[in-house]
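A.B. asks: Here it is, the structure, as structure tokens.
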Amino acid sequence: MSSNFEPSSAPPSSQTQNSYSFDSMSPSSASQALNPYSLDSTPSRPFNGALPYTFGTPDNANNISARTPAVHSASFRGEELTNTKHFCDMVANKLKLTPDQRGDLRQIVDLGAQLDSSDLKLRIYQQGTLFQILNNQTQQLVDYTTFQALLKDVQASLDKKFSLSSDHHETLLVYAKDIIFDPLRTDFMAAHIALELDVKEKMDLLEFTHVFGHPARERALRAACRTKASGARNSVRQWLVRTIYGPKKTNLENATFSLAEKFKRGGPGNNLSNRYQLRVAILRRFAWEFYFVLEDSPDPNDDDEQVDVDNNGEIEIELRPRKRPRSSGKVKKGECFWSKLNEHIRDLRAANGPDYSTEPWKLYFTDLVRRDIEQWGKGKDNLMEPLPMTCINVASPSLLYQHDSTPGALNTQLPAHDNSQPRSTLGSILNTPSGPSGHSSMFFP
């Protein structure tokens, strides 16, 4: 590889080493002869791309040219630091830093006075950016705290005005009717409690998760459960009366199927359990005695309770001349249809025991269904599971009792039985089976 530098054509000298002046290309003084790598001299051999010396070696001291500028003077360095502090102010203004943060940037200038100006400015801008990020996070935290307080105020305001949606009301009504029509229920006046517990257990499925955990919303739900349970009770009562009196009266099988269509969640299905027939038989007999047999029976057109349900399932039944003027529309507490039913159910269970497989209960159910068939007819046993009874014969007068189907003339006396099992006044027509624990029977397996 050729070099751009050519050897001097001067004649050889007696000196062991030659050096050349940069200006005259003539040999320099003896002091320069010892420095063949001076910037003012021409290399004695062609340049091959490698450095003639290694940085950091002791010989480097000889490689420094006498013409290298000295360190900046104190006055020049002071002016440069002043300009750098002005740069700090510019960065602080641009990034919207606080006065304390501006002072911190200026302090960096004093601490890094020995650094190169460009390096120092990069460090200043980097620190300013960190300050900006910190300020943004602090502001967001303040805004979030303020938003939380505002959100609590809004939530409290909404809780005061909270109301369930129409879908929620419809869901509550469907479940309330199903609870009232449950063949194993024994306490109808506590249906609202069962409804609330059922909704709480299925809050995810029924979309009530936003209600629970908020006392004000739970209070609104509790009030809605009371209203829907009351409406369901009144609706079931009116439809029961319709199946035993008037142009729509029908037999037990048809009545059970019709009521299941209106009140059972999911409808009657293909094979409705005979538990529902026995439940409806109990309710029908009690309704007949309560409204048409007792001397001072209430008017079935009077509402048992305050009702707030849709009118699709409500009916007005004009059954007989009134014995007394219509009341204000609400029966006294404890005197309504369902309260009396609860009371007599407790009496029956106390008299006959909780085990429905015992002989007194079997005799009771057999007689109950027999009386229903003789008074309102027998179904075709093709709508649901037939009753497990084969001893009923309505072609001949009943040997167990005698009665006249005319309102007010029904004899509720049952045949004599074991004296150890006393009956209440209306005990012969009341029962709401709950199913014995650990037992099975022909009616409630």
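The values are calculated or read from the model by the stated rules, or taken from the named source; none is laboratory data. Note that the coordinates shown come from a computational prediction; the quantities given were computed from them, not determined experimentally. Note: ideal-geometry Cβ built from the backbone for every residue, glycine included; neighbour counts use all protein chains shown.
A.B. asks: Does residue 92 satisfy the criteria of being within 30 Å of residue 138 (Cβ to Cβ) and either loosely packed, with under 10 Cβ neighbours inside 10 Å or modelled with pLDDT of 85 or more (or both)?
C.D. replies: So residue 92 fits the description; yes.
A.B. asks: Please enumerate the residues belonging to segment 259-270 that are out of contact with any helix residue (DSSP H, G or I) (no Cβ under 7 Å at 6 or more places or on another chain) and either among the small types (Gly, Ala, Ser) or buried (at least 18 other Cβ atoms within 10 Å of the Cβ) (or both).
C.D. replies: 266, 269
A.B. asks: Being of a type outside the set (Gly, Ala, Ser), closer than 17 Å to residue 163 by Cβ and in a helix (DSSP H, G or I) is the filter here, so list the residues in segment 212-254 that pass it.
C.D. replies: Scanning segment 212-254 gives 215, 217, 218, 219, 221, 222, 225, 226, 227, 228.
A.B. asks: Then there is this: Name the residue, out of 57, 145, that is of a type in the set (Val, Ile, Thr), on the phi < 0 side of the Ramachandran plot and modelled with pLDDT of 75 or more.
C.D. replies: On the way: 57 fails: modelled with pLDDT of 75 or more.
Checking each option against the conditions leaves just 145.
A.B. asks: Based on what the data block shows, is residue 292 at pLDDT below 90, under 19 Å from residue 368 (Cα atoms) and out of contact with any His (no Cβ under 6 Å at 6 or more places or on another chain)?
C.D. replies: Values: at pLDDT below 90: yes; under 19 Å from residue 368 (Cα atoms): yes; out of contact with any His (no Cβ under 6 Å at 6 or more places or on another chain): yes.
Spelling it out, residue 292 is indeed at pLDDT below 90, under 19 Å from residue 368 (Cα atoms) and out of contact with any His (no Cβ under 6 Å at 6 or more places or on another chain).
For (1) surrounded by fewer than 18 Cβ atoms within 10 Å (Cβ to Cβ); (2) touching a Phe, Trp or Tyr at 6+ places or on another chain (Cβ under 8 Å), each residue gets a yes or a no:
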position	(1), (2)
205	yes, no
211	no, no
217	no, yes
231	no, no
241	no, yes
253	no, no
272	no, yes
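A.B. asks: If you don't mind, there's one more thing I want to ask. Quick check on segment 178-197. Is at least one of its residues assigned to a helix (DSSP H, G or I), crowded, with 21+ Cβ neighbours inside 10 Å and either among the basic types (Lys, Arg) or in contact with a His (Cβ under 7 Å, 6 or more places away or on another chain) (or both)?
C.D. replies: no
A.B. asks: Under 9 Å between Cβ atoms, which residue pairs at least 6 apart in sequence (or on different chains) link something in segment 148-176 that is modelled with pLDDT under 80 with a partner that is exposed (fewer than 10 other Cβ atoms within 10 Å of the Cβ)?
C.D. replies: 159/215
A.B. asks: Against the conditions (1) among the polar types (S, T, N, Q); (2) without any contact (Cβ under 8 Å) to a residue 60 or more places away in the chain; (3) in a helix (DSSP H, G or I), where does residue 209 fall short? Just the number, please.
C.D. replies: (3)
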